[in-house]
Amino acid sequence: DAGVIQSPRHEVTEMGQEVTLRCKPISGHDYLFWYRQTMMRGLELLIYFNNNVPIDDSGMPEDRFSAKMPNASFSTLKIQPSEPRDSAVYFCASSGGLAGGPFGANVLTFGAGSRLTVL
Amino acid sequence: QQPVQSPQAVILREGEDAVINCSSSKALYSVHWYRQKHGEAPVFLMILLKGGEQKGHEKISASFNEKKQQSSLYLTASQLSYSGTYFCGTEIQKGTSYGKLTFGQGTILTVHP
């Protein structure tokens, strides 16, 4: 498996523009998580899905943020409109599934991240 | 509530040992340890479950004190490749969410030749 795949790796945009980040989880994993990493707040959970259904979005900072998972192999995180304080590295991670992997079903595998800079 | 890690930073010479601690105010189901190198994604090191089960990479050692809700990661005979930021992630509930972790603020480990 190629692991968790995220795109774009880097995004530079201007304040007010729409940003869409994409994620392809590991095949067979039924949990998908979106985390945001900043120097000030560290790694914080934004939202997670189970079997494509959003379970907990309490970490989404405000209505400008939305996430979808239309099928088991694709998820998006959208910010509209973007603001400079949204600048961060956004990680997608997946876990779960019947096989679970060598270390169990609740171990996260992270994607490489999308570094977002909002000017 | 975010677990608290200590120390915030450690500087070692190759071959020296280090201990990184993680403490939570809540009863935990599991503690996970990850290492992140600069510009890269966090990578799984070890999981410690309530009840004593542990799974992880062979060269990694850790403990979980369920009474105190504390975990420690032991890095022995450190190598240059150990450098990075170490995060603990805690999971409160069993079976309700596979991998819904709350991460500590991280411990920066630097190993010098």
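The values are calculated or read from the model by the stated rules, or taken from the named source; none is laboratory data. Just so we're clear, the structure is a prediction, and the values are computed from it rather than from any experiment. Neighbour counts run over all protein chains shown; Cβ positions are idealised from the backbone, glycine included.
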- prompt: With respect to B:S72, is the statement that it is polar (S, T, N, Q), closer than 15 Å to B:P7 by Cβ and in contact with a strand residue (DSSP E or B) (Cβ under 7 Å, 6 or more places away or on another chain) true?
  reply: yes
field: Residue check, A:M15 in a loop (DSSP other than H, G, I, E, B) and under 13 Å from the mean Cα position of the chain (by Cα)
entry: no
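Got at least one residue in the stretch A:27-36 being part of a strand (DSSP E or B), buried (at least 16 other Cβ atoms within 10 Å of the Cβ), on the phi > 0 side of the Ramachandran plot and within 14 Å of chain B (Cβ to nearest Cβ)? I'd like the intermediate steps shown before the answer.
Here is the first cut: in the stretch A:27-36, the ones part of a strand (DSSP E or B) are A:31-36.
Subsequent filtering for residues that are buried (at least 16 other Cβ atoms within 10 Å of the Cβ) retains A:31-36.
Pick out the ones that are also on the phi > 0 side of the Ramachandran plot and you get none.
Within the stretch A:27-36 (the criterion being part of a strand (DSSP E or B), buried (at least 16 other Cβ atoms within 10 Å of the Cβ), on the phi > 0 side of the Ramachandran plot and within 14 Å of chain B (Cβ to nearest Cβ)), the answer is no, since none of the residues qualifies.
Please indicate, with yes or no, whether at least one residue in the stretch A:57-71 is among the acidic types (D, E), more than 10 Å from every other protein chain (Cβ to nearest Cβ) and touching a residue at least 60 places away in the same chain (Cβ under 8 Å).
No, the stretch A:57-71 has no match at all.
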field: Elements of type strands (runs of 3 or more DSSP E) in the stretch B:28-113, at least 3 residues being within 9 Å of chain A (Cβ to nearest Cβ) and either exposed (fewer than 14 other Cβ atoms within 10 Å of the Cβ) or not acidic (D, E) (or both)
entry: B:30-36, B:43-49
- line: Going through (1) out of contact with any Lys or Arg (no Cβ under 9 Å at 6 or more places or on another chain); (2) part of a loop (DSSP other than H, G, I, E, B) one by one, A:M69 fails only at (2)
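To keep it simple, each residue is scored yes or no on (1) modelled with pLDDT of 95 or more; (2) surrounded by fewer than 18 Cβ atoms within 10 Å (Cβ to Cβ); (3) part of a loop (DSSP other than H, G, I, E, B).
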| residue | (1), (2), (3) |
| --- | --- |
| A:M40 | no, yes, yes |
| A:L46 | yes, no, no |
| A:G59 | no, yes, yes |
| A:D63 | no, yes, yes |
| A:P81 | yes, yes, yes |
| A:Y90 | yes, no, no |
| A:S94 | no, no, no |
| A:G97 | no, yes, yes |
| A:L116 | yes, no, no |
